[in-house]
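Enquirer: Have a look at this one before I ask anything.
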Amino acid sequence: MKTKFGMIFIILTSSLVSANSESIHIPNNDRQPLNIANQPLSVDKLYNSYLSKQVSERRLAEMYFIGVIDSTEGTEWCGFQSVKATSVQELAFSAIEAAIHTKPSERASKVIISKLHNTLPCKEQK
């Protein structure tokens, strides 16, 4: 009984510690999925993950950028016909890079969407 309680305590406390990390929380093993504990992802956590020395953490940050860009294209911003995809991703990162100094706790997706919306607005359809 004590062993089971001890294991549960270790698991719970390790989850709390990793949830407060400075970057995206990566599960401890491959059987654990990413979950909502990473949301809302702040500017500082996304920035730190994007610049991480760990390739897996950088890839998660890149996928986050791609997800925000993809899910908002055509509604919040437009321009894949005239702008290279890599340029859009660089624009999104530049928004995070600027916000790291002014609003590090801001929701990262909000900052990215705002930058894309203001830089690559959709034209009114008639």
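Enquirer: Here is a list: Ala108, Ala99. Which entry is of a type in the set (A, V, I, L, M, F, W, C), in contact with a Leu (Cβ under 9 Å, 6 or more places away or on another chain), touching a residue at least 40 places away in the same chain (Cβ under 8 Å) and surrounded by 15 or more Cβ atoms within 10 Å (Cβ to Cβ)?
Expert: Going through Ala108, Ala99 in turn, just one is of a type in the set (A, V, I, L, M, F, W, C), in contact with a Leu (Cβ under 9 Å, 6 or more places away or on another chain), touching a residue at least 40 places away in the same chain (Cβ under 8 Å) and surrounded by 15 or more Cβ atoms within 10 Å (Cβ to Cβ): Ala108.
Enquirer: Let me ask something else about it. Can we say Phe65 is in contact with a Gly (Cβ under 9 Å, 6 or more places away or on another chain), at pLDDT 65 or above and of a type in the set (A, V, I, L, M, F, W, C)?
Expert: Criteria not met by Phe65.
Enquirer: Note down all Cβ pairs under 7 Å where the first residue falls in region 51-71 and is within 16 Å of His117 (Cβ to Cβ) and among the β-branched types (Val, Ile, Thr), the second is outside any helix (DSSP H, G or I) and modelled with pLDDT under 90, and they're at least six residues apart or on different chains.
Expert: none
Enquirer: Next question. Out of Ser82, Ser94, Ser105, Ser109, which single residue is of a type in the set (S, T, N, Q), closer than 19 Å to Tyr47 by Cβ and assigned to a loop (DSSP other than H, G, I, E, B)?
Expert: It is Ser105.
Enquirer: Surrounded by 19 or more Cβ atoms within 10 Å (Cβ to Cβ) and without any contact (Cβ under 8 Å) to a residue 60 or more places away in the chain: is that true of Leu91 in this structure?
Expert: Against the criterion (surrounded by 19 or more Cβ atoms within 10 Å (Cβ to Cβ) and without any contact (Cβ under 8 Å) to a residue 60 or more places away in the chain), Leu91 does not qualify.
The values are calculated or read from the model by the stated rules, or taken from the named source; none is laboratory data. The structure presented is a predicted model; accordingly, all values stated were derived computationally and were not measured. Please note: Cβ atoms are built from the backbone with ideal geometry, for glycine as well, and neighbour counts cover all protein chains shown.
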